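The values are calculated or read from the model by the stated rules, or taken from the named source; none is laboratory data. The model shown is predicted, which means the values in this text are computed figures rather than measured ones. When we count neighbours, we look across all protein chains shown, and the Cβ atoms used for this are built from the backbone with ideal geometry, even at glycine. SASA here: full protein model, heavy atoms, side chains in, ligands and nucleic acids out. Shrake-Rupley method; radii C 1.70, N 1.55, O 1.52, S 1.80 Å.
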Amino acid sequence: MHIGRWVIGAALLSGLGMLPRTARAATYYVRTDGGTAAQCTGRSDAAYPGHGAHRGCAFDHPFWALQPGQRASNFAPTTVMKPGDILVIGRGSYMIGYGAPNSKNAMCYQPATWGCAMASIPSGIDAAHPTVITGDCAKPPELWGTQRLSSIFDLEHVHDVVIKCLDLTDHSACVEFYKPTANTGGATACNRNKYPYGEWTANGIYAADVTNLTLARIDVHGFADYGIQAGRLAGATTVTDVTLRANGWGGWSGDLGGNDHRSSDSGTLTFTNLKVLWNGCSETYPARKVVGCWGQNEGGYGDGFAEAWTGGTWTFKDSEFKHNTQDGLDMLYANGTGSIVIDHAVAWQNGGNGIKTSGPATLRNSIVNGYCNNWKGFPVAGDGKSGVSGTMCRADGTAVVMEFKGPNQAVSLSHNTITGNGDTLVIGGGD
């Protein structure tokens, strides 16, 4: 009996030693009245009292939890967050980039300040226990990039990550590689040549080789290049209540370079209540006035949401694609191995095509307003009065394009309202 009880006890002790990492996952806090990592532990949602070290209080900046320059596979001791941890960022505004707290390291130096981004968020433990970065969802904090920063968040080769309740932007109306004309309405070309570069950032979020990514309640606006650039996504990608507005080159780009097979996604990609507005334009700070719109024919781009060659099962529900200087939703490079469902969407007065798909696809319960000459009179990079004929109704202004990608594939349109003033309302075809 004694031996039996001892064996059982040993088994229990062994089991306790094998408890999952979730039992030890930590929650860290950031607030504007917090302190440094020397002053505060970051483990309490409290202000720094003004004296003492390692007090139970919040950090004053996200860089204390995710120091710039650290990769997910090689975290330095100064990078506090570990897999499965949670970072809660309080209300207020936080500058991200060169000159921010805890930014003095090998990746934050003049003149190459663009590498001074937050460390790549560590992977979660599993899909049920992700690593989480969240703002105050009642009043999301502003994370704004500066000094030619590459992106606010740089996610590479990680899995099971959640980012939510944030306002991501910069404080400049410049657009990278912009070619200003006589009337741009306030937009300028970004300074890329000499420090100080100015208060601008290329992208809001860069994600490559990420499995199980969740983005929710994020406003991504005013960046010099793209709101989100993401490719080689796998597993379950879930995007809910995200707005992409007035980003100088485009809203969402699925092309990591080359517009070929190197960026292809897989798994399920679900977008709900996605708002994609005025991309291919810039915005002023702090008024957020839309200025300096330009499309491909003016040297820019301007797709609201666009993918390179890609697989994956895509769903867009209750989403809007409005006033982008080129196409609204461009899924023309889907390779036919997956499918696309667009349900209760609005594509409204984009400068090119409203909705484009390839391979098995369904468009239902949606409104596509293809009045691409909406751009007449808006601040397109031209004379600012009549717009530019190339931007207005690019690709013939067709409202809906749905192509087949091989034999025995079905395309379905049902319960839609489709209008426009381009050459054609709906085009179908295929290989």
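Structure summary
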item: Inter-probe distance in nm under a simple model that places probes 7 Å from Cα toward Cβ, at H129 and K317; result: 2.9
item: Packing-based order for 331-340, 54-63, 301-310, 201-210, using average beta carbon neighbours within 10 Å, highest first; result: 301-310, 201-210, 54-63, 331-340
item: Rounded accessible area per residue of the chain, 1.4 Å, Å²; result: 40
item: Kirkwood Rh, Cα atoms: Rg over Rh of the chain; result: 1.04
item: Residue-span extension gain [N259 to Q409] - 0.36 nm each, minus C-alpha spacing; result: 51.6 nm
item: Length-normalised contact order for region 166-272 - Cα pairs under 8 Å, 6+ apart - percent; result: 25
item: Cα gyration tensor shape for region 88-168, rounded if a/c is under 1.5, else prolate or oblate; result: oblate
item: Relative packing of peptides 101-110, 166-175 - highest average C-beta neighbours within 10 Å first; result: 166-175, 101-110
item: C-alpha long axis of helix 2-17 to longest principal axis of the chain, angle in °; result: 40
item: Relative contact order (%) - the chain, alpha-carbon pairs under 8 angstrom, separation at least six; result: 9
item: Share of alpha-carbon pairs per 10 Å distance bin for region 224-328, given as whole %; result: 17, 45, 31, 7
item: Across K82/K317; K164/K275; K164/K356; K275/K356; K164/K194; K322/K356, pairs whose alpha-carbon gap is larger than 23 Å; result: K82/K317; K164/K356; K164/K194
item: Carbon + sulfur, % of accessible area of the chain - ligands and nucleic acids excluded, 1.4 Å; result: 54
